[in-house]
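S.K.: Structure below; questions to follow.
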Amino acid sequence: MTPTFNKIHNRFKLNGNYFSFDSLKEVAYSYIKEGETFEQEIGVFLLDWLDDNEFLSVNTSGSTGQPKSITLSKQAMVNSAIATGDYFNLKPGNTALLCLPASYIAGKMMLVRALILGLEIDNVQPTTTPKINQNKHYGFCAMIPAQAEKSLDQLDAIKTLIVGGAQVSKALKQQFSGLKTQVFETYGMTETITHIAVKQINNTTTNIFTTLPGITISQNKKECLVIDAPQLTANQIITNDVVKLHSNTTFEWLGRIDNVINSGGVKLFPEQIEAKLQSKIKGRFFITAQKDDTFGEVPVLVLEAKDNQVNPDTFTDLSNIQTPKVILAINAFAETSSGKVNRLKTMQLLKK
């Protein structure tokens, strides 16, 4: 029998304590009234989850467009939790760590997985340097790349770590290589109820994402990923992500179609150029396009810096057509509400 959103697994624990449906509501009220900000966010989510509504409003991060509120089916969130549990073989009584804010879908889904799968979950303040109890071993945890990078010396306390919310840099992947922890990069979005595909990024050479159980994929005419996830949504999800399809369950991510630079008829993916530069440029940066009379568009490097001075050796791994023809600098990038770089707003600021 498939679990439903209005039932709590009898093995579920929060911070070491068992809770019934009703007693968990009391915890939620307590968090809202007396807790720190991150605990208040947990309390608000729990009350929303435990009410009689079949749907939940969640906010998108704004990394691929304007932040917006969308409505998700609670049962679809349950189905997503089950798919993750099946893929990673999560069992009742397994331990989990919540170090992401419950105001966004990734944090909410960590709680849903615990509630539905019967995990024993602890929550800590969701900073970029979360405090992981080294006297305890966690079976499952989700982080953003910045958290994982600053927690490398603590990750041995975690068996399986999923990393998402932003692309994992080549340098960070190399730092994961010696860990006992199994580290997976995720692919997904709020609309797909977090990840629909994962790939292991340490102790492996693969660059291929594999979908979770029950999810199949295809491409449209623009070579963008199309997701069929009937347990999550009734409609196909057509993304703006250009991919190389290997099968109806495996793919390589190339970049976003709205970022593609068409230079003399050659498609350049900024994300691939950025990956080659990540180990050579300190601080944040991104690649974008600029109009050009000869080539139509050429790549431009935008730095979060006081000046635009860059050592020419920085570009030795790039082909001539990939090498930025212009270097721009701005003191501070515009950001989304979740702290991701907002490329469009940053370019608008540069033009002022």
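S.K.: Collect residues whose amide H, placed 1.01 Å from N in the peptide plane, falls under 5 Å from the amide H of T216; neighbours closer than 5 in sequence don't count.
M.R.: Hits under the 5 Å cutoff: D228.
S.K.: With each pseudo-label sitting 7 Å past Cα toward Cβ, what's the L47-Q278 distance in nm, one decimal?
M.R.: If labels sit at L47 and Q278, their model points lie 4.0 nm apart.
S.K.: For region 129-142, what does the Karplus curve 6.51 cos²θ - 1.76 cosθ + 1.60, with θ = phi - 60°, yield as ³J(HN,Hα) per residue in whole Hz, taken in order and with x for Gly and Pro?
M.R.: Each residue of region 129-142 in turn: 10, x, 8, 9, 5, 6, 8, 10, 10, 9, x, 8, 7, 10 Hz.
S.K.: I need two numbers for the chain: Rg to one decimal and Dmax as a whole number, Cα atoms only, in Å.
M.R.: 21.2, 68
S.K.: A follow-up question, please. For Q278, what charge total do you get from the other residues with a beta carbon under 13 Å from its beta carbon, if Lys and Arg give +1 and Asp and Glu give -1?
M.R.: +2
S.K.: Per DSSP H run of n ≥ 4, the term is -39500 (n - 2.57); total these for the chain, divide by its residue number, and report the mean residue ellipticity at 222 nm rounded to 500 deg cm²/dmol.
M.R.: Numbers: 8 runs with 86 residues, N = 352.
Calculated from helices alone, the mean residue ellipticity at 222 nm is -7500 deg cm²/dmol.
S.K.: Please give the net charge around V310, taking every other residue with its beta carbon less than 11 angstrom from that of V310, where Lys and Arg add +1 and Asp and Glu add -1.
M.R.: 0
S.K.: For region 180-296, what class follows from the C-alpha gyration tensor (a ≥ b ≥ c being the square roots of its eigenvalues): rounded when a/c is under 1.5, otherwise prolate if a/b is larger than b/c, else oblate?
M.R.: Judged from the Cα gyration tensor, region 180-296 comes out oblate (a/c at least 1.5, b/c at or above a/b).
S.K.: Going by amide H atoms built from the backbone, whose H comes under 5 Å of the H on K13, apart from near neighbours?
M.R.: Counting only residues 5 or more places away or on other chains, the set is L119, E120, I121.
S.K.: With the cut-off at 1.5 for a/c, could you classify region 255-346 from its C-alpha gyration tensor as rounded, prolate or oblate?
M.R.: Oblate shape, in that a/c is at least 1.5 and b/c is the bigger or equal ratio.
S.K.: Return the sequence-ordered ³J(HN,Hα) values of region 70-75 in whole Hz as given by the Karplus equation 6.51 cos²θ - 1.76 cosθ + 1.60 applied to θ = phi - 60°, using x for Gly and Pro.
M.R.: 10, 9, 10, 6, 4, 5
S.K.: Describe numerically, in nm with one decimal, the distance between label points set 7 Å from Cα along Cα→Cβ at T205 and at E26.
M.R.: So the two model labels end up 5.8 nm from each other.
S.K.: Note down the nm distance, to one decimal, between modelled labels 7 Å out along Cα→Cβ at K180 and at D258.
M.R.: 4.4
S.K.: Quick one: accessible area per residue over the chain, 1.4 Å probe, rounded to a whole number of Å²?
M.R.: Roughly 50 Å² per residue, with all protein chains present.
S.K.: Now a separate question. Tell me the carbon and sulfur percent of the accessible area for the chain, rounded to whole percent, probe radius 1.4 Å. Write down the numbers at each step before the final one.
M.R.: Working: 8320 of 17430 Å².
Carbon and sulfur: 48 percent of the exposed surface of the chain.
S.K.: Check R284: other-chain or 5+ apart residues with amide H under 5 Å from its amide H, H built from backbone geometry?
M.R.: E304
S.K.: Which order do you get for T192, T186, T2 if you rank them by accessible area with a 1.4 Å probe, largest at the top?
M.R.: Descending order: T2, T186, T192.
S.K.: Something else: Rounded, prolate or oblate, given the Cα gyration tensor of region 1-52, with a/c below 1.5 counting as rounded?
M.R.: Prolate shape, in that a/c is at least 1.5 and a/b is the bigger ratio.
S.K.: Okay, next question. Which whole-Hz ³J(HN,Hα) couplings does region 259-267 yield from phi under the Karplus relation 6.51 cos²θ - 1.76 cosθ + 1.60, θ = phi - 60°, glycine and proline marked x?
M.R.: Rounded to whole hertz, the list is 9, 4, 9, 9, 10, x, x, 9, 7.
The values are calculated or read from the model by the stated rules, or taken from the named source; none is laboratory data. Here the structure is a predicted model, which means the values were calculated and not measured. In this analysis, Cβ positions are derived from the backbone assuming ideal geometry, glycine residues included, and neighbour counts consider all displayed protein chains. Just the protein is used for accessible areas: all its heavy atoms, side chains included, with ligands, DNA and RNA removed. Shrake-Rupley method; radii C 1.70, N 1.55, O 1.52, S 1.80 Å.
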